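Comments concern the structure below.
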Amino acid sequence: MSRLFYLLFAVTLFLGACSTTKKIESKNKFFIDRNILWYDATANFDRFCNKDSILYYLKKSKEVGVTDIVVDVKPITGEVLYPSNIAPVMNSWGTSGVKKDLSWDMLSFFIEQGHKLGLKVHASTNVFVAGHNFYDRGVVYDDPTKAAWQTLSFLPEGFVKITDQKSKYSAMLNPVLEEVRNYELSILKELVGKYPKLDGIILDRVRFDNLNADFSDSSRYAFEKYIGKKVENYPDDIYSFSGKDRINGTLYKEWLEWRASIVHDFIYTARKEIKAINPNISFGDYTGSWYPLYFDVGVNFASKEYDPSKDFDWATPKYKDYGYAEALDLFTTGNYFFEVDKEELKSQAAAATKTLESGLVVEKEDWYTVEGSAELVTKVTKGKTPVYAGLYVEQYKDNPDQFVKALKMCREKSDGSMIFDIVHIINYGWWDELKEGLK
């Protein structure tokens, strides 16, 4: 009897283990090794107006070890590169004179040909942005009904619209506005509905412009509703300036918390709406990897199980509730640092700090490297989403060996890699380097 008991007990444990494994595999069906190559919309516009060119570069991508491509179909102007009934269609870019032939659908061709080669095809969209300030082009410039959607910054010189800040190329929108969120959701739903064979969608710029935004009346009222009281001294209770120096007010941390709630809620709403149309599509997001600074843009990409208030003085205990790693099937990050391993940062003679656009001063710590930032993202996301560490190729111009080293580090420290952008691989002729880095 004892032998029979132990035999049955062992079988029960084995079957239980198998059942658990299946549950994990089912939950983690998006956790696969990927080498992702980005195809930027405007940088490659002329090149990808030609079918032969698309096919050539898809084949090159496949040959060097790329598994997934990301086709940027909504650049920062707010125009789109597919037939839309909602957003304006981009049919030219720059001064080359090349006009897009609208008789064929670029994204459909990418999907069809990519699948023939065994590549997964994702579409990326820049969400809360609708204009290019360097060219005065885009939705907020061309559509008077949407000009009021642009974000309003609070700067040392006062309140300034984003389109009046010509040193900034992205004319960001105010994500607090319900009409902005609904408009962007309608574009995402149209895109997913039009292309049922699309493997994934990756959101970009689901964020505020930076710490200086948004300070419109609409944002003030929404914040007051969130905290349940009037802001007596606006914006000084958030922060004020003494010359160029920022002085945090009594409601500064609550303001950061509220901004994170706006982005969090949009991410979860977008996932729900997109999955209702195509339950099998991969729902992804792109952000920078520098988590200690990402409150600057109102984003908490961590897991809800990670409590940043224990590590950072800018976070409230409630800030963790607005982590959204659990909502993602794919998360790709910009690990955009020239220094690859942490030892490089310690040995370099460069400045120990860096000042961000919003005025924040950054201490260059371990996370200010490809290795350190990848480790940090893994720490805060807690395995809730697959993470693909990414590189900005232009940072390694004239340093191909450093690029290869960085790419290998991305693969070592995350679930794969992401390369931004194919235009730099083409311009530098780095196909062999890309292949070596992806081994």
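Scalar couplings 3J(HN,Hα) for region 328-343, obtained by applying the Karplus form with A = 6.51, B = -1.76, C = 1.60 to θ = phi - 60°, are 9, 8, 8, 9, 10, 10, x, 8, 8, 9, 5, 5, 8, 9, 5, 5 Hz; x denotes Gly and Pro. For the pair Asp366 and Phe241, a Förster radius of 35 Å applied to the C-beta separation gives a FRET efficiency near 0.65, rounded to the nearest 0.05.
Helical content alone sets the calculated 222 nm signal of the chain at -11000 deg cm²/dmol, taking -39,500 (n - 2.57) per DSSP H segment of four or more residues and averaging over every residue.
Treating cross-link reach as a plain straight distance, find the aspartates and glutamates whose alpha-carbon is under 20 Å from the alpha-carbon of Lys320, omitting any fewer than eight places away in the same chain. Output for Lys320: Glu254, Glu257, Asp265, Asp285, Asp296, Glu305, Asp307, Asp311, Asp329, Glu375. Structure note, pairs Lys304/Lys384; Lys168/Lys354; Lys168/Lys253: Cα-Cα distances above 20 angstrom occur for Lys168/Lys253.
Near Ile419, the amide H atoms lying under 5 Å from its own belong to Ile36, Leu37, Trp38, Leu391; only residues 5 or more places off or on other chains count, and H is placed 1.01 Å from N.
Residue pairs exceeding 27 angstrom between C-alpha atoms, taken from Lys116/Lys275; Lys59/Lys408; Lys161/Lys189: Lys161/Lys189. In terms of distances greater than 32 angstrom between alpha carbons, the cross-link table entries Lys120/Lys346; Lys120/Lys397; Lys120/Lys318; Lys60/Lys364 yield Lys120/Lys346; Lys120/Lys318; Lys60/Lys364. For region 32-437, a Kirkwood hydrodynamic radius built from all Cα pairs, placed in the Stokes-Einstein relation at 25 °C and 0.890 mPa s, yields a translational diffusion coefficient of 112 µm²/s. Of all DSSP beta bridges confined to the chain, the antiparallel ones make up roughly 30%.
Which residues make up the longest stretch of the chain clear of GluC sites (Glu not before Pro) that lie in a DSSP loop with no more than 15 other Cβ atoms within 10 Å, not counting the sites? Before the final figure, lay out the partial values.
On the way: sites that count: Glu157, Glu232, Glu305, Glu357, Glu365.
Counting at most 15 other Cβ atoms within 10 Å as exposed, the longest clean stretch of the chain is 1-156.
No value in this document is a laboratory result; all are computed from the given coordinates. In this text, all values refer to a predicted model and were calculated from it rather than measured experimentally. When we count neighbours, we look across all protein chains shown, and the Cβ atoms used for this are built from the backbone with ideal geometry, even at glycine.
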